[in-house]
Amino acid sequence: MKLRVVTPTGIAIETEAAYVTLPGSEGELGVYPNHIPLVTNLVAGELAVRDKNGQVTYYAIAEGFAQIRPDQISVLTELATAESDIDEKAAEEAMNRAKLALEQRMSDEEIAAAEAALARAAAQLRLKRRNR
């Protein structure tokens, strides 16, 4: 099946997949080809893509939405970063900035933005550190 992940800057991932795991709002969602059609919201977390040879590639994604069809998965999200591209120090700094921002008096919109930044940074750090 085809996997396409779209971010505000364009198509971040476009590949064939034998199996995909998505971070759903109700827990992990595993998708094989011929899955029933579905639209679901996603939380910041780990997206795993297994190719036909069994090799798995991991990505950190932000919250977003997924449309699943029998032959294709489309994901809309603010962030999709391969594990190998994550800068651990930058993610830690982003997490610290978001935590500091949440301690300030802010509007509802600013709180939502800071919480989203915190979730994105946490997703990147969890992925980068998962095998330690």
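For the stretch 49-99, which trypsin sites (Lys or Arg not before Pro) pass both filters: DSSP loop (anything but H, G, I, E, B) and at most 15 other C-beta atoms within 10 Å? Spell out each step's value before the answer.
Working: sites: Arg50, Lys52, Lys89, Arg97, Lys99; in loops: Lys52.
Here the trypsin sites (Lys or Arg not before Pro) that fit, given the DSSP loop and packing criteria, are Lys52.
Tell me the net charge near Glu103. Cut-off is 15 Å between Cβ atoms, Glu103 excluded, with +1 for each Lys or Arg and -1 for each Asp or Glu. Before the final figure, lay out the partial values.
Details: positive: Arg97, Lys99, Arg105; negative: Glu110, Glu115.
Neighbourhood net charge equals +1.
Pull out the extension gain between Val56 and Ala18, defined as 0.36 nm times the separation in residues minus the alpha carbon to alpha carbon distance; nm, one decimal. Write out the running numbers ahead of the final one.
Working: separation 38, 0.36 × 38 = 13.68 nm, distance 0.99 nm.
Stretched fully, the Val56-Ala18 segment lengthens by 12.7 nm.
Extending 7 Å from the Cα toward the beta-carbon at both Asp87 and Arg69 defines two label points whose distance is 3.7 nm. Using the Stokes-Einstein relation with a Kirkwood hydrodynamic radius computed over Cα pairs, the translational diffusion coefficient of the stretch 86-129 at 4 °C and a viscosity of 1.567 mPa s comes to 124 µm²/s. Close amide-amide hydrogen proximity is noted between Ala18 and Arg50, Asp51, Lys52, each under 5 Å apart and 5 or more residues distant or on a separate chain (H modeled in the peptide plane; Pro and chain starts excluded).
For the chain, what proportion of DSSP beta bridges, expressed in % and rounded to the nearest 5, is antiparallel?
Values: 35 of 40 bridges.
Around 90 percent antiparallel, to the nearest 5.
Positive end of the dipole of the chain (Cβ unit charges, origin at the Cα centre): among Ile11, Gln67, Tyr32, the Cα lying farthest that way belongs to Tyr32.
Please state the relative contact order of the stretch 54-100 as a whole percent: Cα pairs under 8 Å, 6+ residues apart? Mind dumping the intermediate values first?
On the way: 39 pairs, mean separation 16.0, N = 47.
Relative contact order for the stretch 54-100 comes out at 34 percent.
Each Cα pair under 8 Å and six or more residues apart adds its separation to the average, and for the chain the resulting relative contact order is 23 percent. In this structure, the amide hydrogen of Gln72, modeled 1.01 Å from its nitrogen in the peptide plane, lies closer than 5 angstrom to those of Lys2, counting only residues at least 5 positions away or on a different chain. Spatial offset of the stretch 8-50 relative to the stretch 76-132 amounts to 20 Å, using the alpha carbon center of each.
Every read-out reported here was derived from the displayed coordinates using simple, explicitly stated rules and does not represent laboratory data. Keep in mind that this is a model prediction, so the values were computed, not measured. As a convention, Cβ positions derive from the backbone with ideal geometry for all residues, glycine included, and neighbour counts pool all protein chains shown.
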